[in-house]
Structure formats: structure tokens, C-alpha cells
Amino acid sequence: MSHDPTVNAGDIARLAGVGRAAVSNWRRRHDDFPKPVDGTAAQPLFALREVEAWLSRYGKSYQVSLADRAWQRLKASGDLQLGELVAAAGDFLASPDGGDHGLDAGLVTVLRELAAERGELAAYEFLCARYFEAHSRKLSVTREDVAALMVRLAAPRGGIVLDPACGVGTLLLPLSPSGRAKAGPDGARALGQELEGSSARIAAARLALRGVEAEIVHGDALRRDAFPGPRADAVVCDPPFNERSWGYDELTGDPRWEHGLPPRGESELAWVQHCLTHVRPGGLVAILMPAAAASRRAGRRIRGNLLRAGALRAVVTLWQGGPDLWLLRRPESGERPPSEIVIVDAEGDLARVEPALRDGAHQVRIIDLLDDEVDLSPSRHAPRAGADLGRAFADARERFLAASVDAPDLLVLDQPLDQPATTIGELVKAGLVTILQAPPRMAADGGDLPVLTADDVERGTTPSGATTAEPGLVRIQPGDVVATYATARVVSQDGAVLGPQLTLYRVDQHRVDPHFLAGFLRSAGARVPAGSSRVDARRTRLPRLSLAEQRAYGDAFRRLASMEDALREATALGETLIRLGHEGLADGRLQPPS
């Protein structure tokens, strides 16, 4: 069943490059704004064609890409069927010349056009990203950097890799030829099982589009194991947490519980043992666990048995409030268990994990852990990943004291200046400023083209995103002014592209100083009350000044921006200094001067 594409308020805001509050204002102030055609009072849906016509009639810029149109056509068939439709789109894109995928002819046409424009993989990842965003409360998708780390740790040479709770396949994607995991002599092979049928199909399509040999099965891995026996070279898993109906009553005598029957409220320990029984002797398991699993009293017997058997090799806290990563190894016959386990707090920096596992500075004696609690919490045992706390404190103190905050020397006037003014819109009409908008979405899989994100602009950092080259991207040049809703900065380097939710102002630098423009844009954003809709930047007023006078203002704005960055750095260094001082005084590696 197909319908005309519809959009919600969030979609309209994204297409028009405004905030959701602006869309609410349009509905309230304009009687001719399109009426809802579906949805609910709290989540109304509007006909995309009517919205486009209204935006065009009022001269409001908008962008509906071919990818957006494909997504809207998928959404038009209803939220309950969306997962199955996304899965069917993946089946089609993975094998466009064969099979009955159950898609209507119009959608097939749009998918073919999108694949021709972006390629099958990028086209499908765009649709998946929108689906994951729309169902973020229902779908648990592992972070891509965490998935890559887990595969590097458990399967550095590829081989047969199993994920028994594979979801939409994220943990298996690094096995692709372009991924970071090295394939073995015969390449990598993925095995996966997933309880939710449409997610299993999506995972299969994502792997097929990357050229990964895979077998993905729909089913409950704990109750109906699709891959019995130790078949895998490695296992990676991000299991569901806190599941009380995992099968305790049915599986009491299951042979997988080599280290003890998992308590009813400790489903994660069932997944740990399930993973261990599916890896060959000497093979590795990387599994994400809730932080509480390292210390809950109900699980202490199993934790102790895992330590005694030499199966549990490392517990890593990835970031505060996030999951722990447990690294396990299935012992080989007659192998002597190790006497130590690695316990690490990565403090949110995943780059610290692999060196910490290698350097031997984070080992804790197993005999010291085998008490009444068997508490493996990194917060209790792990030295900070910085290793030498005393040296880290001294270094942080030196950098804090060296941080300089240079405030501009500005004249204080009794009365505000009365200067002739212009607007950014008038500068655009005069050809002195060109405004460019980033695409609302862009491919984020496997790309090496740097992307300047909104967070980068807010924090004043270098580009942190990445994408693949495709039509419509905006290349940034030195001297461009890049703005978010609340701030604006002048870019000094090139080589990156503009990220979503950003606007670029390219000035004629013989007539307009970019720092002058950025300063007034920043000031206009700061005056908008919290919760208000986004202002029209073209209406931003700025004085008519000569280029020399603009540069004087621009230098003052630039120094204020530098001061803000210096204060942010000093604040971060101060917080680090305070934390290291407390820890060092408490554990005896620092002492007050005599």
C-alpha cells in the first residue's frame, strides 16, 4: 500500500534549515500553512508536496534531496511497517536484479535513482541512519567506534566471527574489506542471530552491500541457538541489558552454564557464557556489559569462576555512565590460568584501551579479587589510563599555569555610537557575501573526507567528522565564516566540507572583513531568548564601515573568540588538575608540601 509522502514538524525544520520552534510559529501565524493530513494532534503529518509549495511561495529556502524523497516514500506506508520496508529496501539494493521484495514500483524507481546517484551502499546507509534516528528509543545501535574497537580486539585476523545478538549488524560491519579488521587467508565470515526479524534482514543487507560473506538468522539465540558448538574464531556481542525473561526457567540445566547458572536477574552473565561456548579454544570474546555486572552480589560466584578458569582477561570502563567492555578467552585444554587480569578505566578515550591492554601497567592480581564480593569494577581497582598519576598532575598544573587569557582593550563610551547600518541580506544582494548551506544529511560510513561539525564550531576544534565525496557537499575555504544557531567562527584551514546544521558565509575579503561579520553574527545569536525560533540571519544588522574600520572591529571580535577558547581550555585543565589532585592525595602518590 502506498501513499503520498508525508513529513512531520522535525522533517520540515530539517528541510528548511530552521528549528522546530520556527515551524510551530509558521503554523500559528500563517492561515495558509498546510493542514495535517495524518498523524496525531501531538505528532501531525503534512503532505510533502503541500509543504514544498508553501515554502516556495514564501521564498523560504529548502532542500529535498533524492535521498530525502526516498525516505519519505518509505515512511508513507506507516510506522508499524517501517522496519520491514527498510529491510525490503536493503534486500532490493543488495540484489536489484532478482527476487520479489514487495516494494511498489514508484519506490523501486526512486531507490534505483538514489543508488545511481550515491551507490547502493551509501544509499542504504542513508535510509538506515534515518530509520535508526526515527526509532532511537526502540533500537539499540552500538557506537561505530566501539564496534571497530571490539572487532580489533577479538578478531584482529578476521576468520569466522559470531554476534549472537547482532541487531542491525553494526558489530559485524568492521569485517568488511574496507574495515579495519584484517581478514584471514580465506577472508572474514560473519555469523549473526537476531530476535527481531526486520533487524536481522537489515543486518544481512548491510553486510552483503559491503561484500562480507555472512549468515544472519532470525531467532532467540539463548532459547533457540542457531549456531551450536564452538564454531567461531571470535565472538563480539552487545546483548540486551536487564532482561528478566531471558529463559531462566527453561534453561536451568543448559550445558552452556559451565561457570554457574546465571541468576534470573543477571541475563548478561547468560550471554557471557553463551559467547564463550561458541568460540574455539584460544578464541576471544568481546562483550559489552552494564557497569553493575562487575559488582552485583548475585553474580559474584560466576565472576569468581570465570577468573579461576582464566576465561575473563580484562574489564574496561569505556566512559563514565557507559557500558564496560569485558574481554574473555576460551582456555585451551591443559592451559595454565593467568594470575592477573587487566582492569582499565579509559575515561572516555577509546584510543587508550589497546595500549593499556598491552603495557602491563593495569594488571590486578586475581587472588586479590577472589573475596566475598569479587568486585571487578574499574572505578575500584583500575589506575587511571594515564598511568603515572603524579606526572600527570604535574603536567596538568604546568599547562594550567601557562594558559593565558588575553582580553581586548576596548574603549568605554558614555553613549552608544549612532552609525549607518546595513544587513547581511543587503550584503548578499550586493554580491559581497554568499550564503551556502550544508546538506541535511551525508554519508558517514567509511569516508575519509573531513567534515566540520556543529560541535566542532561550538568548541572551536578541528573537523571531527568524516564522509565520502558526493555531489552537493560544500567545501570550506580559509576566511569562510561558519555559523551555528548560537555562534560563528572564521575558518583558517581548508580541506574539510561543511557539516549538517551549519551555514557558511563566504565574503569578498577586499570589501568585507570575515571576523567583523562573524562577530556580529555571534552577537545576534546571543540575543535570541532561550526557546525562541531561529532568527533570520539575513536580517542581522551591522554598521557600514570602511574595510580598515571593519578590521579593527574584527580584531576585537577575534581576540574575544580566542579568549573564550582559552577560558574553555583553562576550565578543562582546572577540572583535570582538581581530579588528579584528589586522587593522588587519596592514594598516596601526592602529598602536601612540608
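The values are calculated or read from the model by the stated rules, or taken from the named source; none is laboratory data. The model shown is predicted, which means the values in this text are computed figures rather than measured ones. Heads up, the Cβs are rebuilt from the backbone with ideal geometry, glycines too, and the neighbour counts pull from every protein chain shown.
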Specify which of the listed residues (181, 154, 190) is touching a Leu at 6+ places or on another chain (Cβ under 6 Å), modelled with pLDDT of 95 or more and over 18 Å from residue 217 (Cβ atoms). 154
Reported set for the stretch 522-554 where residues are under 36 Å from the mean Cα position of the chain (by Cα) and at pLDDT 90 or above is 554
Please determine whether any residue of the stretch 551-558 is free of Cβ contacts under 8 Å to residues at least 12 places away in the same chain and over 30 Å from residue 393 (Cα atoms). yes
Give the residue that is modelled with the lowest pLDDT, with candidates limited to residues of the stretch 119-151 that are small (Gly, Ala, Ser) and in contact with a Leu (Cβ under 8 Å, 6 or more places away or on another chain). 134
In the set 261, 222, the lone residue that is in a loop (DSSP other than H, G, I, E, B), touching a residue at least 12 places away in the same chain (Cβ under 8 Å) and out of contact with any strand residue (DSSP E or B) (no Cβ under 7 Å at 6 or more places or on another chain) is 222
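Could you list, in sequence order, the residues of the stretch 19-38 that are touching a Lys or Arg at 6+ places or on another chain (Cβ under 7 Å), within 17 Å of residue 57 (Cα to Cα) and touching a residue at least 24 places away in the same chain (Cβ under 8 Å)? Spell out how you get there, then give the answer.
Filtering the stretch 19-38 for residues touching a Lys or Arg at 6+ places or on another chain (Cβ under 7 Å) gives 19, 22, 33.
The next check asks that each one be within 17 Å of residue 57 (Cα to Cα); those that pass are 22, 33.
Once the filter is applied, which keeps residues that are touching a Lys or Arg at 6+ places or on another chain (Cβ under 7 Å), within 17 Å of residue 57 (Cα to Cα) and touching a residue at least 24 places away in the same chain (Cβ under 8 Å), the stretch 19-38 yields only 22.
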Quick one: would you say residue 27 is of a type in the set (Lys, Arg), touching a helix residue (DSSP H, G or I) at 6+ places or on another chain (Cβ under 6 Å) and crowded, with 16+ Cβ neighbours inside 10 Å? no
Of the residues 200, 298, 294, 204, only one is surrounded by 16 or more Cβ atoms within 10 Å (Cβ to Cβ) and closer than 30 Å to residue 362 by Cα; which? 294
Go through the residues of the stretch 55-74 one by one and say whether even a single one is among the β-branched types (Val, Ile, Thr) and at pLDDT 85 or above. no
Name the single residue, out of those in the stretch 30-46 being surrounded by fewer than 19 Cβ atoms within 10 Å (Cβ to Cβ) and modelled with pLDDT of 85 or more, that is farthest from residue 537 (Cα to Cα). 37
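So, residue 328, is that one touching a Cys at 6+ places or on another chain (Cβ under 9 Å) and within 25 Å of residue 256 (Cα to Cα) or not?
yes
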Does residue 327 fit the bill of being buried (at least 23 other Cβ atoms within 10 Å of the Cβ) and touching a residue at least 40 places away in the same chain (Cβ under 8 Å)? no
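Which is of a type in the set (Lys, Arg), in contact (Cβ under 8 Å) with a residue 12 or more places away in the chain and within 23 Å of residue 543 (Cα to Cα), of 489, 459, 441, 475?
489
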Quick one: count up the residues across the stretch 339-366 that are within 27 Å of the chain's Cα centre (by Cα) and in a loop (DSSP other than H, G, I, E, B). 4
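Kindly provide the set of residues from the stretch 142-158 that are within 23 Å of residue 91 (Cα to Cα) and surrounded by fewer than 19 Cβ atoms within 10 Å (Cβ to Cβ), ordered by number. Walk me through how you get there before you give the answer.
Step one: of the stretch 142-158, the residues within 23 Å of residue 91 (Cα to Cα) are 142, 144.
144 - this is the single residue of the stretch 142-158 that is within 23 Å of residue 91 (Cα to Cα) and surrounded by fewer than 19 Cβ atoms within 10 Å (Cβ to Cβ).
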Within the stretch 40-58, residues farther than 16 Å from residue 25 by Cβ and assigned to a loop (DSSP other than H, G, I, E, B) come out as 40, 41, 42, 43
